[in-house]
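In what follows, a single structure is set out as C-alpha cells and then discussed.
Any read-out appearing in this document is the output of simple, stated calculations on the displayed coordinates, not a laboratory observation. This is a predicted model, so every value here is computed, not measured. Cβ atoms come from the backbone with ideal geometry, glycine included; neighbour counts cover every protein chain shown.
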Amino acid sequence: MKRRQFMTLLGGAAAWPLAVRAQQTMPVIGYLSSGAPDKTTDPMQAFRRGLSEAGYDEGRNVAIEYRWGDGYGGLVEMASDLVQRKVAAIVAAGGVPSAQAAKAATSTIPIIFAVGGDPVAFGIVSSLNRPSGNITGVTNFNLELGQKRLELLHEMMPGARRIGLLVNPATALADPLSDDARAAAQTMGLQLHVLRAANEQEIEKAFAELAALRADALIIGADAYFGSRSQQLASLAARNALAAVGSFRFFARAGGLISYGGSVVDQFHSVGVYTGQVLAGKKPADLPVQQSTRVELAINLKTAKILGLDIPASILARADEVIE
C-alpha cells in the first residue's frame, strides 16, 4: 500500500504527527551512487558542505534519499525509484553511468551530476555552457589524465615494461581509456595489457591475471566504482607487491603507491552548491556545467619503501600530499 493511501486511512493530513508533517514540507534530494556510504565519505562530506553553503542542511530544511549500489548494475532501477518518489532533485554521484541512468529516468526532475569525462561526448548534455533541459553538473575530466598517469609511472619506474590497465567494461569509459593508454604506451615503448573488471570478484581475477603476466605495474582507470573500491585495490596491489597508480586521492591514502587525478572533494563541493541553488529555484539549463580544474598528486612513501622504490625528487616536489 502506498504511503499516501495509508495516511488517508489514518484520517488524513490533520491527524499526522507534527514531525511527519514537517518532513512532508521538506524538499527531498535523491542521491544516486555506485558506491557504498562507508567508501565515499570524503565526497559525501564535501557535498554536504557545499549544500550547506547554499543554505540547505540535511535534517534541518532538506532530506536526502540515498540509493547505494555496488557497481552500475542497479542504477537504472534506483533512478526510476527516485523518480516515482517525486524527489525535488537527483544528484547523480556515480560517474557517467549514474548521470545517464538519471537522464533516462526523467526529463523534468532536475539532475546534478558528478562525472570524470566529457559530458558532451557521452551524450549527457548538449553543451557545457548551455546544458539545456533538466540536467547540469560538474566534471573534473579525470578520464583525460590517463596518459599523464602512464608518464608518471614511466618516470618513476623507467625500467618497467609490462604495464596493466584496469578498466570497467560496464561503462562507456572502458574503450576510450584503453585506446588512449595503448597509444601512449606505444609511444613510450611499453607493453600494455588491458584487464576488465566490473565487480569485486572480477577485480580479484584481474590481479591474478596480472601475476600470471608478471606485470611490473598497474594503472587503475578513472572509474567511480573503482574509486569506491580503493581499499580492495590497494590491498591487492600490496599482496602482489605491485606498484599501482590510481585516479583518486583516497587510493594512495588506502595504501596505493600513487594517485593522480582531479579533486573529487572540490568536485562534490561544487555539486552540493549547485544542488542548493536548484532547490532555491534556479533551473539546471541556466547553470553551465562546471569544470573542476584542480588536479592532485598523492604519494604513499610507506608503500614505496615496501616495494623498494625510490621516488624521484622531481615527482616528490610536485606532490600535493606525501604519506609517510
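Assorted remarks:
- Unit charges at the beta carbon, dipole of the chain: most positive-side option, V83, S126, G35: V83
- Between the Cα long axis of helix 41-53 and the first principal axis of the chain there is an angle of about 40°, rounded to the nearest 10.
- Using alpha-carbon coordinates, inclination of helix 174-188 to the longest axis of the chain, degrees: 20
- Whether the stretch 180-324 is rounded, prolate or oblate, judged on the alpha carbon gyration tensor where a/c under 1.5 counts as rounded: prolate
- Once the Cα atoms are used to define both axes, helix 146-156 deviates from the longest principal axis of the chain by about 40 degrees.
- Cα-Cα separations in the stretch 178-265 greater than 21 Å, expressed as whole percent: 26
- Ranked by how many other Cβ atoms sit within 10 Å of their own Cβ, fewest first, the residues V278, V83 fall in the order V83, V278.
- Value of [θ]222 nm, deg cm²/dmol, for the chain, DSSP H segments ≥ 4, -39500 (n - 2.57) each, nearest 500: -12000 deg cm²/dmol
- Net charge of Cβ neighbours under 14 Å - reference R48; Lys, Arg +1; Asp, Glu -1: -2
- Reported to the nearest whole Å, the Cα centre-to-centre distance from the stretch 153-194 to the stretch 90-150 is 24.
- Each of the peptides 312-324, 282-294, 165-177, 255-267 was scored by the mean count of other Cβ atoms within 10 Å over its residues; in descending order, highest first, they stand as 255-267, 165-177, 282-294, 312-324.
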